[in-house]
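Structure, as structure tokens:
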Amino acid sequence: MLKRGVGSPRTRKGEPMQKKNCYLTLFLSTLKLSAFTFGGGYVIVPLMRRRFVEGLHWIDENEMIDLIAIAQSSPGPIAVNASIIIGYRVAGVLGALCTILGTVLPPLVILSLISLVYAAFRDNAIVNVVMGCMQAGVAAVICDVVISMAQGILKLKKALPIIVMVLAFVGQAVFHLNVILIIVLCGLIGAINTLQMRKKGGQDA
């Protein structure tokens, strides 16, 4: 279960951070990530991880993987879903409002401006070349996401998550199964495994 605001955010010196500063940090962090990130939600995920896990130390590595899984399996863009979950996890409802505002504001402004000159922007040869070159960088960042998340799964040293990860990859890459079907099956496997562990724990007690 996703817990709200467990453990107050702290400064780099280990001192508790004031709520006002926490909200501002959440807003500015997601604003900067959203404004300077190209390539969709999968690109912003490793940058969120670097900011909130490695930089601010507000969320640990394993929990970040869980939050990304929830964001991926929920309806809507993964970048917005992830920002909402992270904001709520760190500072509750107000934190979620800060992160979602910071995430949606840059693309809203940029796309509104582009729509005014869309025809010229679309037919510009220089813009087309730039966007084509950026696709290579986006692919590299997405590969980094896959490797980072896979390493987190492997560090758990549990057979079931590793088997599920491999089967999910084969199912999509080889057999081209629907992503929704894969997510639902993975969720069912996780739920069944959790119920069995709880039942076993109750019997041992």
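Only the coordinates and a few stated rules stand behind these numbers; no lab work does. All figures in this text were calculated on a predicted structure; none of them were measured in a lab. Because the Cβ atoms are built from the backbone with ideal geometry, glycine has one as well, and the counts that use them run over all protein chains shown.
Observations on the model:
- Under a Gaussian network description of the chain, with springs only between Cα atoms under 10 Å, the residue in 95, 41, 187 that fluctuates furthest is 187.
- Per-q log10 I(q)/I(0), segment 58-149, q = 0.16 Å⁻¹ (Debye; single scatterer per alpha-carbon; no solvent): -0.87
- Under the criterion of Cα pairs below 8 Å and six or more residues apart, the relative contact order for segment 71-205 equals 10 percent.
- Using the rule -39500 (n - 2.57) for each DSSP H run of four or more residues, divided by the residues of the chain, the 222 nm mean residue ellipticity is -26000 deg cm²/dmol.
- Each peptide among 97-109, 164-176 gets the average number of other Cβ atoms lying within 10 Å of its residues, and from highest to lowest they stand as 97-109, 164-176.
- For the chain, the ratio of Cα radius of gyration to the globular rule of thumb 2.2 N^0.38 Å stands at 1.17.
- Scanning residues 5 or more positions from residue 177 or on other chains, those with amide H under 5 Å from its amide H are 172, with H placed 1.01 Å from N in the peptide plane.
- Rounded to whole Hz, the Karplus (6.51, -1.76, 1.60) HN-Hα couplings of segment 95-101, x for glycine and proline: x, 5, 5, 5, 6, 5, 5
- Neighbourhood net charge (13 Å Cβ-Cβ; Lys/Arg +1, Asp/Glu -1) for residue 50: 0
- Distance between the 7 Å Cα→Cβ label points at residue 60 and residue 112: 4.2 nm.
- Using θ = phi - 60° and Karplus 6.51 cos²θ - 1.76 cosθ + 1.60, couplings along segment 171-183 (whole Hz; Gly, Pro as x): x, 8, 6, 9, 9, 6, 5, 4, 4, 4, 4, 4, 4
- Pairwise Cα separations in segment 101-205 fall into 10 Å bins from 0 onward with the following percentages, short to long: 11, 23, 25, 23, 12, 5, 2.
- Applied to segment 84-93, the Karplus parametrisation 6.51 cos²θ - 1.76 cosθ + 1.60 on θ = phi - 60° returns per-residue 3J(HN,Hα) values of 4, 5, 5, x, 5, 5, 7, 9, x, 4 Hz, with x for Gly and Pro.
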